[in-house]
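No lab work stands behind these numbers, since they all come straight from the coordinates. No experiment lies behind these values; they were computed from the predicted model shown. Here the Cβ positions follow ideal geometry from the backbone for every residue, glycine too, while neighbour counts run over all protein chains shown.
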Amino acid sequence: MCLLPGVAYLSRSWVNLSLVVSSTVPFLLLCWRFIPESPRWSISRGKYDEAVTVMQLIAKKNGKTVDPNALLAKFQV
């Protein structure tokens, strides 16, 4: 949203602006498939196993280890 005024200034036409803005949609749709749902959302929907999987992925990226049984115990309280 911060870039929109600059893009609008450079495009100089509402048609070009709409083409530039809408050209980002396919990229966002491709990325959407690879971004996992948040653990909080999964827990609120009762998908505890999916939440544990996402939490383990986050812990792995942070160089930490997580006990899945401890996570399940915390989630189901």
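Observations, loosely collected:
- Taking region 1-43 as the range and being under 17 Å from the mean Cα position of the chain (by Cα), part of a helix (DSSP H, G or I) and surrounded by 10 or more Cβ atoms within 10 Å (Cβ to Cβ) as the test, the residues that pass are 39, 40, 41, 42, 43.
- Hey, residue 28 out of contact with any strand residue (DSSP E or B) (no Cβ under 7 Å at 6 or more places or on another chain) and within 27 Å of residue 4 (Cα to Cα) or not: yes
- Contact annotation: residue pairs with Cβ atoms under 6 Å, 6 or more positions apart or on different chains, pairing a residue in region 54-77 that is closer than 15 Å to residue 38 by Cβ and without any contact (Cβ under 8 Å) to a residue 40 or more places away in the chain with a partner that is of a type in the set (Phe, Trp, Tyr) and surrounded by 11 or more Cβ atoms within 10 Å (Cβ to Cβ), are 75/48.
- Residues of region 44-77 that are in a loop (DSSP other than H, G, I, E, B), under 21 Å from the mean Cα position of the chain (by Cα) and not basic (Lys, Arg): 46, 62, 63.
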